[in-house]
Amino acid sequence: MRKEIFLTGITTTGTPHLGNYVGAIRPCIEASRSANTTGFFFLADYHSLIKCQDPSRIRRSTREVAAAWLALGLDPERTIFYRQSDIPEIPELTWILTCLTAKGLMNRAHAYKAAVSENRTAGKKDPDKGITMGLFNYPILMAADILMFNAHKVPVGHDQVQHLEMTRDIAKRFNHIYGEQFVLPEAVINTNASVLLGLDGRKMSKSYDNTIPLFAPEKKLRKLIMKIKTNSLGPRDPKDPDNCTLFGIYQAFADADEIKTMRRRYAEGISWGVMKQELFEYLNTILAQPRQHFEELTSAPDHIETVLQNGAAKAREHSSAFLQKIRQSVGIQAVS
Ligand code: TRP
């Protein structure tokens, strides 16, 4: 049986946080351990240029994201772990796809529409003010990432589902014009249960600046947990675990028995101070070892680079041969 290809990209603009781990890193690492799948995981550094023009931030984030995945147990021998910019076939394929993508399809992209509507609300004369072609073409680059490796399943958050639909549209159009080359990928959506809330009670996200970095040093981790917003119920008041940021985080890491016990303690009125201290101790124990591994990796980044180069070599075994086929299908080839 041919193995199913799982592929996902991580934009390298921030520091990995608890929400990234629970929503993306952990399920991907778990999927990559199955014998029936091949995992392609990559650092989407060309995507990061769309949102970030601070080179040092991109450099740091690329190193930290790579180190985080390795420290948390991604096995680079069993998976293909690489940096998008090390695969020159991806931007080449992006151009080929750009030439058959309807502009109208891109006009409908949520991220682009949101930027236009912000300009309108702000009363800007030009609705496209400040919008780059990078933002506009973003879904085509993402389609190339996915189609390049004929991925079957693409784990993504809700906000990326439209991009997967666009990828399928683009792939169908190519297959229709030039003959069947691309697999039509499917989105695998993280369920709500795996969405963590952040310090202020909204979804944990770097865009809200409410995250808890996975590898914050112990003191910082404690400080952040103490800052998590709770309601004004006092000690001994029964509390509702299901609408509680602290419980949500605990639940994402604990086993079934531990969760059951904690639910009982909420009913019995555990105080917020005690809960915060326990959550801190619990997370700190779980994260201590990966944190140390992360620190070792980031302080000697040569190892990370070697891993990424090996990953790129494996990825290119496929992408360079496949791009040759694609070029031929569209008529870009030697004249004789
Ligand atoms: N756009 C994705 C995000 O912001 C990251 C990404 C880039 C990606 N290329 C991809 C995800 C290909 C899945 C497949 O989350």
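What follows is calculated from the coordinates using simple rules that are stated; it is not laboratory data. Remember, predicted model here, so these are calculated numbers, not experimental data. Cβ sites come from the backbone with ideal geometry, for glycine too, and all protein chains shown count toward neighbours.
What is the local net charge at Gln328, summed over the other residues whose Cβ is closer than 15 Å to its Cβ (Lys, Arg +1; Asp, Glu -1)?
Cβ neighbours under 15 Å give a net charge of -1.
State the antiparallel share, in %, of DSSP beta bridges confined to the chain, rounding to the nearest 5.
Bridges in the chain are about 10 percent antiparallel.
When you count, for each residue, the other Cβ atoms within 10 Å and take the mean per peptide, how do 68-74, 111-117 rank with the highest first? Please report the intermediate quantities before stating the final value.
Working: 68-74: 21.3, 111-117: 14.4.
So the order, starting with the most tightly packed, is 68-74, 111-117.
What order do you get for 161-171, 311-321 when each peptide is scored by the mean count of other beta carbon atoms within 10 Å, highest first?
Descending mean neighbour count gives 161-171, 311-321.
Using only the Cα atoms of the stretch 1-155, build the gyration tensor, take square roots of its eigenvalues as a ≥ b ≥ c, and label the shape rounded, prolate or oblate: rounded if a/c is under 1.5, else prolate if a/b is larger than b/c, else oblate. Walk me through the numbers before you get to the answer.
Numbers: a/c = 2.15, a/b = 1.55, b/c = 1.39.
Verdict is prolate for the stretch 1-155.
Can you tell me the 0 to 90 degree angle between the C-alpha axis of helix 218-227 and the longest principal axis of the chain, rounded to 10?
Approximately 80 degrees, to the nearest ten.
Could you name the lysines whose alpha carbon sits less than 24 Å from that of Lys227, not counting residues in the same chain fewer than 8 places away?
Leaving aside lysines fewer than 8 places away in the same chain, those within reach of Lys227 are Lys203, Lys206, Lys219, Lys239, Lys276.
Please label the shape of the chain as rounded, prolate or oblate, based on the square roots a ≥ b ≥ c of the eigenvalues of the alpha-carbon gyration tensor (a/c under 1.5 means rounded; beyond that, a/b larger than b/c means prolate, else oblate).
Cα axes put the chain in the prolate bin.
How far is the Cα center of the stretch 184-254 from the Cα center of the stretch 72-146, in Å?
Answer, in whole Å: 29.
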